[in-house]
Amino acid sequence: MTKPASPPPTRERERDRAFASAPATEATAEPPVESPWARAMELALEEADAAARDGDVPVGAVLVPPTLEVAGAIRGRNLREFAQDPTAHAEIVALRGAAELVRRWRLDGWTCVVTLEPCPMCAGALVNARVGRIVFGCRDPKAGAVRSLFEITSDPRLNHRLDVVEGVLAEPCAERLKRFFAERRREGKK
Ligand SMILES: [Zn+2]
C-alpha cells in the first residue's frame, strides 16, 4: 500500500473549510448597511474572545432585553472546556443568566445575539424559553439548527417560533473560529 501524499482531512479541517465556504450574505456592489444588531454582536464577539483565552471554541452570546437596551444585555460564552459541561454553550449560559435576573423561565420579547448559528440543543432551549428573536453571525454547516441542518426556531410543529436575523458581522465571527482551529492544529503538530 502506498502512503497518501498528505494526511486525510481531520474533522477540524472540514470545519474550517465549511466556515470558509459559507458566505452569510450575497456579495453586492452596495456598501454594507450596518445592522441595528451590530453593537450587541460586538459584545458577543468579546465573549467569544474570552472563551478562546480559556481554550474553548470562540462562541459568544448576549441576551438583549425587550427594551432593546444593549447596555442591559446578559452575556454568555462557551464554557464547555472551562466547566467540563457539555451543555455550557454560550446561548445556554446567557439564557440562565437572563432567567436568573428576571426570575422567570419565560423570556418573551428577549433577543439572543450569538456569533455562531445555534446547535440543536441551543435552538431548542431558545424555543423553550420563548425568546422572541435569534440573531446570529456566521452559519454552522456542521451543526446549525436555525438554517443549516434544521430549522428548529421556525418549525411550525413547535409551539413557539422566533424571528431570525443572520449574517450580522458574519466575517469577524467566522474569522475567530478559523483562527482558533488553525492555532489548535499548529499546537497539535508541535
Ligand atoms: Zn449550542
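Does ASP155 qualify as being touching a helix residue (DSSP H, G or I) at 6+ places or on another chain (Cβ under 9 Å) and among the charged types (D, E, K, R)? For ASP155, the condition - touching a helix residue (DSSP H, G or I) at 6+ places or on another chain (Cβ under 9 Å) and among the charged types (D, E, K, R) - is met. Among the residues making up segment 114-133, none is away from the ligand (no atom under 12 Å from the Cβ), buried (at least 24 other Cβ atoms within 10 Å of the Cβ) and not in a loop (DSSP other than H, G, I, E, B). Checked against the criterion of being of a type in the set (Gly, Ala, Ser), at pLDDT 95 or above and touching a Leu at 6+ places or on another chain (Cβ under 8 Å), the candidates ALA98, ALA145, ALA174 yield just one match: ALA98. Restricting the search to segment 84-97, which residues are buried (at least 24 other Cβ atoms within 10 Å of the Cβ) and either away from the ligand (no atom under 14 Å from the Cβ) or among the small types (Gly, Ala, Ser) (or both)? Correct list: ALA90, ALA94.
Table: residues versus (1) part of a helix (DSSP H, G or I); (2) away from the ligand (no atom under 16 Å from the Cβ); (3) not β-branched (Val, Ile, Thr).
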position	(1), (2), (3)
ALA40	yes, yes, yes
ALA44	yes, no, yes
PRO66	no, yes, yes
PHE82	yes, no, yes
GLY109	no, yes, yes
CYS112	no, no, yes
GLY137	no, no, yes
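Residues considered: PRO31, PRO58, PRO66. Of these, the only one that is at pLDDT 50 or above and under 13 Å from the mean Cα position of the chain (by Cα) is PRO58. Under the condition of being part of a helix (DSSP H, G or I) and either touching a helix residue (DSSP H, G or I) at 6+ places or on another chain (Cβ under 7 Å) or farther than 10 Å from VAL62 by Cβ (or both), the residues counted in segment 84-107 number 10.
The values are calculated or read from the model by the stated rules, or taken from the named source; none is laboratory data. What you see is a predicted model; the values in this text were computed from it and never measured. For neighbour counting, all protein chains shown are included, and Cβ atoms are generated from backbone atoms with ideal geometry for every residue, glycine included.
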